[in-house]
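Worksheet: the structure to be examined is printed underneath.
The values are calculated or read from the model by the stated rules, or taken from the named source; none is laboratory data. Remember, predicted model here, so these are calculated numbers, not experimental data. As a convention, Cβ positions derive from the backbone with ideal geometry for all residues, glycine included, and neighbour counts pool all protein chains shown. What goes into the accessible areas is simple: the full protein's heavy atoms, side chains included, and nothing from ligands, DNA or RNA. Shrake-Rupley method; radii C 1.70, N 1.55, O 1.52, S 1.80 Å.
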Amino acid sequence: MANAPPSNLLDESLGDTSGVGRMILVEDCVETSGAFVVHHLLKRALHPHSSDAVVFLSFSHPFSHYDRVLRKMGCNLSVQRDNKRLLFFDMLALDHLDRDRGKTSEDILIALYGEVQKAVEVSRSYETRHHITVVIDDVSLMEVDANGSSDLVLDFLRYCCSLTAQFGCSLIALNHGDVYSIVDQPNLLLQLEYLADIVIKIEPLATGLAKDVHGQLTVTNRNLRVDSGKSRSRVHNFQFRIKDNSVEYFYPGSKT
Amino acid sequence: MAEWICRTLRDGGLEGEHAPALTINDSITCSLGSFVFDHILSQLSSFIDSEKSQSSGIVLVAFSRSPLYYEQLLKSKGYNVSSSTWFKVLDCYTDPLGWKSKLLNSGRIANDSLGSSVTVKLCKNVKDLDELLSLVLHRGKELSVDGKGRFMIAIDSVSEMLRHASVSSVASILSELRSHGQVSSLFWLVHSDLHETRATAALEYISSMKATLVVQPVDGLRGNSASLSLMENNLKRGKFSVHVKRRNGRVRTMVEELYVENSTVNFTPFSTEDEVISQSLVPKVQFNLQLSEKERNDRAKVVLPFEHQGNGKNIQIYDGRKSLNESKGDSEQTCFEKEDSGRGEIIYFRDSDDEMPDSDEDPDDDLDI
């Protein structure tokens with residue numbers, strides 16, 4: 001990740017992701033899906049110049065879906081999986097983690113956490129792998145998977161966050177903002193926002209649909225670490241347009 | 001004022017009284033509470049390091065950040081805590097529910113290094129608050145040689161405690177710590193928007209000071225770019241308001257401005273920027289809505305056309321018929337005007353003798369329209 005030069009506004013707003021691990025929360029809503037941000041971050045982590053590895057927990061799509069999407073973006077996930085740079089956990093596969101043997105959701109999540117930590121440890125054992133990114137797509141479906149226990153999901157995410165301190169991993173989690181709008185406290189989304197170092201919010205334009213602007217991104221970089229040298233909390237706001245195999249980012253008003 | 005809080009926490013409570021306790025409240029719109037927590041922690045560390053404090057050490061209960069983070073924080077302030085005897089951490093961050101030890105026992109994960117050299121004690125079941133309490137007190141007793149010295153307690157997220165336990169049990173463990181003879185003072189951070197009002201109120205009752213971080217109100221900003229700069233502003237600045245409950249029940253309120261720069265917190269006296277705001281609130285138009293200083297002075301000099309000017313002179317009622325007799329006086333008046341050209345005057349001729357001098361009455365009042 002460190003070697004790839006910033007290529008667009010999203011990369012610039014995220015800043016230098018090398019070094020100490022961070023948690024990035026991607027928050028989208030039903031009108032504008034944030035999947036493209038996850039794809040972008042995945043591609044960035046698997047960039048040929050970097051030496052990073054990715055642990056991907058998918059609750060929403062099977063591997064073949066991501067494979068097709070990323071192939072269009074010029075990144076071959078199957079090859080990366082064979083190289084062991086990508087460890088893909090398909091949580092939709094029913095037999096995973098022996099969930100049919102009358103286990104509680106907690107047991108399943110503990111076992112899943114064990115798998116994640118083991119994967120991180122295995123990846124670290126390679127000399128060339130410096131940085132590991134854990135991606136969760138998406139948190140709300142994980143909550144469904146845990147029989148609606150948001151506390152349990154939060155425990156799991158907290159454990160994943162403790163990996164960022166222990167091994168310097170990064171954590172990327174996608175969540176939907178609008179599924180919590182009427183739920184009372186405690187609010188999982190708010191808890192996640194407290195956990196996150198960077199929040200990427202994807203919203204439709206306030207003025208409604210436009211032909212060549214598909215929505216806007218707000219990147220809030222809270223940067224809470226002490227050792228980050230110059231701690232610059234920054235907020236970036238820009239718009240995007242999703243094309244067939246890439247996404248265009250631009251500042252509001254700069255599109256003719 | 002933040003200094004004042006730190007001094008109060010440093011001095012601790014009197015014999016036979018509850019220890020002073022500080023609640024730091026923040027919310028997601030102004031989430032600078034962790035900076036304030038770090039600031040107070042490092043201030044108190046400096047007091048203890050230089051042995052200015054009543055207590056012999058700090059027990060930090062780490063829920064939301066790793067012990068390594070705090071070690072680096074204090075190291076950056078110049079305290080080498082890894083070899084110090086006054087800083088103990090109870091780690092509720094790394095393995096709060098015992099998942100890792102469970103997995104470790106079943107041999108599914110291996111590495112358990114923490115990377116921190118501070119003497120850390122792991123708490124593996126934060127749901128059991130009695131155990132947590134005894135662990136905290138045990139850590140505190142390790143701080144002094146004879147096990148009888150007093151110590152401070154810092155809890156970096158009561159929100160996390162409240163997630164695992166009920167309000168009443170959290171309140172009971174906190175007040176138990178407060179009333180413990182060896183605890184000199186304690187402070188904690190809570191994200192108030194994660195909890196119901198009753199939880200924050202309960203915490204407020206068992207603390208003697210409450211510091212709330214709120215967004216600094218800025219008016220007169222509109223539009224997308226303005227809200228963006230406002231958001232960015234809220235990541236760095238906030239209003240730091242403190243309620244202090246005195247022993248006799250009197251409540252004192254103080255307000256300061258808080259500004260975070262390079263991970264350090266600066267406090268400045270609260271300045272109301274009302275004037276600047278009121279200036280910016282006046283809409284921009286092509287003509288002047290406000291008078292300049294000169295215009296205001298000139299307006300004050302204008303003599304209003306009251307025949308009785310209130311300066312002791314007789315009422316001089318001008319009557320067109322008397323013009324010949326008064327010509328002398330008129331010329332005097334013109335002379336007077338010349339010598340004071342800065343004075344304004346409104347000349348008014350009374351219609352007839354029917355009109356009373358200086359009356360506000362409508363001259364056409366009697367018309368029946």
Just one of A:234, A:241, A:225, A:158 is facing another protein chain (nearest Cβ under 8 Å), open to solvent by 30 Å² or more (accessible area, probe 1.4 Å) and modelled with pLDDT of 85 or more; which is it? A:158
Kindly provide the set of residues from the stretch A:116-157 that are of a type in the set (D, E, K, R) and under 21 Å from residue A:41 (Cβ atoms), ordered by number. A:124, A:129, A:137, A:138
Based on what the data block shows, is residue A:151 modelled with pLDDT under 90, outside any loop (DSSP other than H, G, I, E, B) and open to solvent by less than 70 Å² (accessible area, probe 1.4 Å)? yes
Search result, residues across the stretch B:53-78 that are surrounded by fewer than 22 Cβ atoms within 10 Å (Cβ to Cβ), more than 10 Å from chain A (Cβ to nearest Cβ) and touching an Asp or Glu at 6+ places or on another chain (Cβ under 8 Å): B:54
Take the stretch B:14-52 and flag every residue that is in a loop (DSSP other than H, G, I, E, B) and open to solvent by 10 Å² or more (accessible area, probe 1.4 Å). B:14, B:15, B:16, B:17, B:18, B:20, B:28, B:29, B:31, B:50, B:51, B:52
Specify the residue that is farthest from residue A:21 (Cα to Cα); the eligible residues are those in the stretch A:69-79 that are part of a helix (DSSP H, G or I) and within 18 Å of the chain's Cα centre (by Cα). A:69
Within the stretch B:9-21, can one find any residue that is within 23 Å of residue B:183 (Cα to Cα) and basic (Lys, Arg)? yes
I'm trying to understand the selection: among the residues of the stretch A:60-74, which are modelled with pLDDT of 90 or more and either of a type outside the set (D, E, K, R) or buried (at least 22 other Cβ atoms within 10 Å of the Cβ) (or both)? A:60, A:61, A:62, A:63, A:64, A:65, A:66, A:69, A:70
